[in-house]
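Q: Have a look at this one.
The values are calculated or read from the model by the stated rules, or taken from the named source; none is laboratory data. Since the model is a prediction, treat every value here as computed from it, not as a measurement. Methodologically, a virtual Cβ is constructed for each residue, glycine included, from the backbone with ideal geometry; neighbour enumeration extends over all protein chains shown.
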Amino acid sequence: MIDLTVNFDNAATTFPKPEAVRLALADAVKKYGGNAGRGGHALAMRTSAALYSARETAANFFGAQPENTVFAMNCTHALNMAIQGVMSGGGHMIISSLEHNAVARPAAALAKKGNVTLSVAEVFPNDEQTVESFRSLIRSSTKAIVCTLASNVTGQILPYKKIAELCRARNICFIADGAQACGVISVKLTDGINILCTSGHKGLYGITGTGLLVSDGKFPITPIMQGGTGSLSQSLAQPDFLPDALESGTPPIIGAMSVKAGIEFIEKTGIEKIFAHEERICRGFISELSRIDGIKIYREDEAAYVPIVSFNIGDMPSEEASAILAERGYCLRAGFHCAALAHAQLGTKSGTIRFAPSFFSSPTDAAALASYVKKVKNLGKA
């Protein structure tokens, strides 16, 4: 192993974090040692005010109300709360063929229990075909459509605003997985999303252990977990109002402050600038890979993408190839990326290698990686 670490696995979690996030974390550990919403003393009150400021920052960023903005452990936690909560009374739901297991597994588990029926809409490179795929599956009993805004495998952006229109016209709850989109492209509830779930540690640049569920309040979410909320403590019934209904137990106060700082970094930098930088790196990387015989790149000309590139090196198993790249210090995720449906649609035999830059990635490093990929392809192992 050589003394080099270049992270192109930012779709899993962004690293490094902005300096402002690191400073906010250090400050939070020093100042916010109370338990938000639990106590009237100075330490608890100061911590409560800080948590509310983080909630307000996230709400404003996504065009929501602070009381409808819930902190979660991660995007998977948020999606489970949304899916199980909305579908608690049964009914029909539709997901896409590019879903992460954070959507596909809870949906499949509900269907296995028998009170929920499940359909999977095929995603195409052409947006109109994708929208028609969803439309054709809608029934009178359809209660929710759940889809990723952008695939965590290929980065393909789904036509989520048009899917939202389908939902709005039929009073169907639209639940969106924004893990690969939030912080990279502008996402708002006004896009037609009823419940937006996302991670705090990816494009929002917070620390791991953070996620968000942001609701417009139009569809009730039955809690899947009950406990102390700091409100209505004399009652054995879970509060029925947000955010308390979905925030049992001590909230992730330090993590929430990191998400606040991450969002403020995005707003200061400009989300368009962040996307342009990452996309420029991806296009340069694709251009270099395209010159290498036997490289398979999983992109279609007709589709739009967030800055993620999936590829394979000839017939080499993706995890074997990724391990060789890792020996050189390049961090990329290989395999099936917790996305069984997506890889089934792509027809990959051993998954893919995923290249995912961040705002702190360098075009020079991406070019050097592409050059090394060529050596791996030509020599088997360089």
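Q: Which condition number in (1) small (Gly, Ala, Ser); (2) part of a loop (DSSP other than H, G, I, E, B); (3) more than 23 Å from residue 298 (Cβ to Cβ) is the one that residue 169 fails?
A: (2)
Q: On to the next question. Among (1) touching a helix residue (DSSP H, G or I) at 6+ places or on another chain (Cβ under 8 Å); (2) within 20 Å of residue 149 (Cα to Cα), where does residue 14 come up short?
A: (1)
Q: Is it the case that some residue within the range 325-341 is closer than 25 Å to residue 76 by Cα and part of a helix (DSSP H, G or I)?
A: Yes, the range 325-341 contains at least one residue that is closer than 25 Å to residue 76 by Cα and part of a helix (DSSP H, G or I).
Q: Residue by residue through the range 140-161, note down the ones that are free of Cβ contacts under 8 Å to residues at least 60 places away in the same chain and either closer than 15 Å to residue 187 by Cβ or part of a loop (DSSP other than H, G, I, E, B) (or both).
A: 140, 141, 147, 148, 149, 159, 160, 161
Q: Given the criterion of a type in the set (Asp, Glu), modelled with pLDDT of 95 or more, more than 24 Å from residue 202 (Cβ to Cβ) and assigned by TED's automatic domain parsing to the domain that holds residue 204, identify the matching residue among 56, 128.
A: Being of a type in the set (Asp, Glu), modelled with pLDDT of 95 or more, more than 24 Å from residue 202 (Cβ to Cβ) and assigned by TED's automatic domain parsing to the domain that holds residue 204 holds for just one of 56, 128, which is 128.
Q: Continuing with this model, one more query. Being outside the structural domain of residue 127 (by TED's automatic domain parsing), in a loop (DSSP other than H, G, I, E, B) and of a type in the set (Lys, Arg) is the requirement here; does residue 349 meet it?
A: Spelling it out, residue 349 is indeed outside the structural domain of residue 127 (by TED's automatic domain parsing), in a loop (DSSP other than H, G, I, E, B) and of a type in the set (Lys, Arg).
Q: Another question, then. Among the residues of the range 72-94, write down those that are among the hydrophobic types (A, V, I, L, M, F, W, C) and surrounded by fewer than 21 Cβ atoms within 10 Å (Cβ to Cβ).
A: Residue satisfying the conditions is 73 alone.
Q: How do the pairs read when you match residues in the range 177-192 that are farther than 22 Å from residue 309 by Cβ and assigned by TED's automatic domain parsing to the domain that holds residue 97 with residues anywhere that are charged (D, E, K, R) and surrounded by fewer than 24 Cβ atoms within 10 Å (Cβ to Cβ), using Cβ under 7 Å and keeping only pairs 6 or more apart or on different chains?
A: Cβ pairs passing all conditions: 189/216; 191/161; 192/161; 192/165; 192/168.
Q: Would you mind telling me which numbered condition in (1) under 26 Å from the mean Cα position of the chain (by Cα); (2) assigned to a helix (DSSP H, G or I) residue 71 fails?
A: All conditions pass for residue 71, except number (2).
Q: A follow-up question, please. With 28, 50, 36, 24 as the choices, which residue is aliphatic (A, V, I, L, M), touching a residue at least 60 places away in the same chain (Cβ under 8 Å), buried (at least 18 other Cβ atoms within 10 Å of the Cβ) and touching a Pro at 6+ places or on another chain (Cβ under 8 Å)?
A: Checking each option against the conditions leaves just 36.
Q: Moving on to the next point. Being within 30 Å of residue 22 (Cβ to Cβ), crowded, with 17+ Cβ neighbours inside 10 Å and in contact with a helix residue (DSSP H, G or I) (Cβ under 8 Å, 6 or more places away or on another chain) is the requirement here; does residue 146 meet it?
A: no
Q: When you scan the range 271-324, how many residues do you find that are touching a strand residue (DSSP E or B) at 6+ places or on another chain (Cβ under 9 Å) and outside any helix (DSSP H, G or I)?
A: 22
Q: Let me ask something else about it. What pairs come up if the first residue lies in the range 318-345 and is on the phi > 0 side of the Ramachandran plot and without any contact (Cβ under 8 Å) to a residue 60 or more places away in the chain, the second is in a loop (DSSP other than H, G, I, E, B) and hydroxyl-bearing (Ser, Thr, Tyr), and their beta carbons are under 8 Å apart, counting only those six or more places apart or on different chains?
A: That search, which allows pairs on different chains as well, returns 335/350.
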